[in-house]
1. Step through the residues of the stretch 85-101 one at a time and calculate ³J(HN,Hα) from phi using the Karplus curve (6.51 cos²θ - 1.76 cosθ + 1.60, θ = phi - 60°), rounding each to whole Hz and writing x for Gly and Pro.
2. On a 0 to 90 degree scale, rounded to 10, what angle separates helix 485-501 from the longest Cα axis of the chain?
3. Kindly rank 457-465, 239-247 from highest to lowest mean number of other beta carbons found within 10 Å of each residue.
4. Mind grabbing the accessible area of THR403 for me, 1.4 Å probe, Å², rounded to tens?
5. By accessible area of protein heavy atoms, probe 1.4 Å, what ranking do GLU82, GLU234 get, highest first?
6. Given an 8 Å cut-off on Cα distances and at least 6 residues of separation, report the relative contact order of the chain as a percent.
7. Tell me, how many Å apart are the Cα centres for the stretch 59-136 and for the stretch 191-225?
8. Once neighbouring chains are kept in place and the probe is 1.4 Å, which whole percent of the accessible area of the chain is contributed by carbon and sulfur?
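The values are calculated or read from the model by the stated rules, or taken from the named source; none is laboratory data. In this text the structure is predicted, and so the values were computed from the model without any measurement. Please note: Cβ atoms are built from the backbone with ideal geometry, for glycine as well, and neighbour counts cover all protein chains shown. Side chains are part of the model used for accessible areas, which takes the heavy atoms of the whole protein and leaves out ligands, DNA and RNA. Shrake-Rupley method; radii C 1.70, N 1.55, O 1.52, S 1.80 Å.
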Amino acid sequence: MRNELIIFDTTLRDGEQSPGASMTRDEKVRIAKALEKLNVDVIEAGFAIASPGDFESVQAVASVVKDSTVCSLARAAIQDIESAGQALSKANSSRIHTFIATSPIHMKYKLQLTPDQVLDQAVRSIKHARNYTDDVEFSCEDASRSEFEYLCRIIEASISAGATTINLPDTVGYGIPEEYGAMIKSVIENVPNSDQAIFSVHCHNDLGLAVANSLAAVQNGARQVECTINGLGERAGNASLEEIVMAVKTRHDQLPVTTAIDTQQIVPISRLVATITGFPVQPNKAIVGANAFAHEAGIHQDGVIKHRETYEIMRAEDVGWSANRLVLGKHSGRRALYKRLEELGVEFESRVESDRIFKKFKELADKKHEIYDEDLQALVSDTQTIELQEQYQLVSLEVCSKTGEVPVARVELLHKSEPFDASAPGSGPVDATFKAIESMVNSGSNLQLYSVNAITQGTDSQGEVTVRLERDGVIANGSGADTDIVIASAKAYVHALNLLTSNQLRAHPQTEGI
Ligand code: KIV
Ligand code: ZN
């Protein structure tokens with residue numbers, strides 16, 4: 001049996017189905033480039049038929065990604081397959097991932113089809129998909145609650161029809177590791193042509209077992225794991241890529257497989273996905289949480305100083321936490337900045353962009369003497385965010401906040417180069433700022449989320465703010481960073497407004513009913 005484990009990332013598809021997460025085409029392209037750099041084998045870029053926006057995103061990812069296979073999801077229906085095939089036409093290497101539910105409860109109530117009709121639809125779709133690509137994946141949705149004999153029958157027929165990967169999702173996060181692993185093993189043993197396909201798993205985290213179930217499946221013969229950065233995904237999310245990859249790397253004795261992942265890219269991509277989706281990473285999250293490598297107890301600190309392996313099973317540097325986090329300061333020049341950014345995997349599209357980043361870096365260095373990698377990453381995100389802004393620009397912000405008095409904010413904006421300004425009171429400085437902005441733009445949107453994260457430690461840290469606005473089912477996650485959190489908040493609000501007015505957003509996949 002092969003011992004390479006295929007990493008199939010579905011951050012851009014299942015990850016986007018997290019309630020509230022939503023990404024524009026350009027944001028998806030940025031994440032896809034980072035996934036390619038991480039060296040994932042397959043990038044599921046979206047669900048082409050779900051909306052014109054999804055189609056365009058799959059198409060855009062397919063045209064920029066060269067080293068990873070780009071995949072689109074498609075229901076087991078001819079129009080879905082055609083849409084996926086067309087969206088992927090520019091890909092260097094493409095995959096169509098088609099699915100239909102195979103559990104009695106889904107077939108009876110959701111699909112209202114007999115098992116034979118489901119099998120027939122699966123076979124016809126796979127054959128049709130093979131007209132577009134030789135790389136066709138078939139998923140038995142809700143496999144973990146499907147009847148074993150039927151599962152084997154539909155898998156055998158799917159492989160005969162041309163499916164090269166068979167995915168057995170734990171769609172509702174119902175599986176228990178031992179049971180789920182045993183199911184994978186029995187399917188592989190009982191399906192006569194199982195040697196002609198790679199078996200894959202896709203686990204949801206409803207019981208907090210997504211990673212455990214995926215690893216049990218790997219121990220029982222699965223050679224593809226579907227996962228997402230930071231464990232994003234429908235409901236409680238999917239298995240998190242970073243946990244799967246590091247478990248395999250750290251416990252090779254129990255999991256004798258290898259991945260192609262460049263693990264040093266894990267923390268940078270985790271931050272990128274958190275910023276774009278507005279889903280911050282919890283501090284105690286394995287691998288990518290701020291505390292994942294922090295030792296608090298004196299006994300632990302003492303042990304680590306004497307011999308690191310006493311309490312550390314992985315090296316922070318190996319997953320992209322930089323060993324020497326203090327990098328630059330006020331006197332650092334362009335060369336030092338660009339070199340460090342290059343080491344962090346940041347690429348500039350133009351001279352204008354690199355100049356703008358240098359200018360922002362100097363401004364930040366005036367306010368904050370010690371600049372860490374995290375600051376640089378936020379600065380790059382913030383600068384790229386500014387590039388996306390079309391309609392509104394924040395010119396200035398003045399806030400008066402005094403004990404015992406109602407705070408008032410005065411904001412100056414440019415709207416399509418025309419200046420506007422307004423003042424408004426609020427229950428706090430941020431509230432006043434948002435009210436002042438709204439009094440000028442009247443966006444008609446609802447504020448769904450406001451969150452602030454300190455990027456580094458200390459009171460001079462930059463605050464990274466996420467603002468989630470919703471209008472007519474369309475969600476925009478704006479972000480902004482600054483050492484002044486009220487300014488960061490204003491930047492994030494303006495960013496969200498610009499996203500709302502851009503033509504790149506579409507209704508959330510969940511409101512589309514798919
Ligand atoms: O959870 C699931 O079953 C899915 C399939 C479409 C693979 O996301
Ligand atoms: Zn899923």
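1. Per residue, the Karplus-derived 3J(HN,Hα) values read x, 5, 4, 8, 4, 8, 6, 4, 9, 10, 9, 9, 10, 10, 9, 8, 6 Hz.
2. Taking Cα atoms only, the helix is inclined about 50 degrees.
3. Result, highest mean Cβ count within 10 Å first: 239-247, 457-465.
4. Only protein atoms counted, so the area is about 140 Å².
5. GLU82, GLU234
6. Taking the mean separation of contacting Cα pairs over the length of the chain, I get 12 percent.
7. Using only Cα atoms, the two centres lie 19 Å from each other.
8. Percent of accessible area from carbon and sulfur atoms in the chain: 49.
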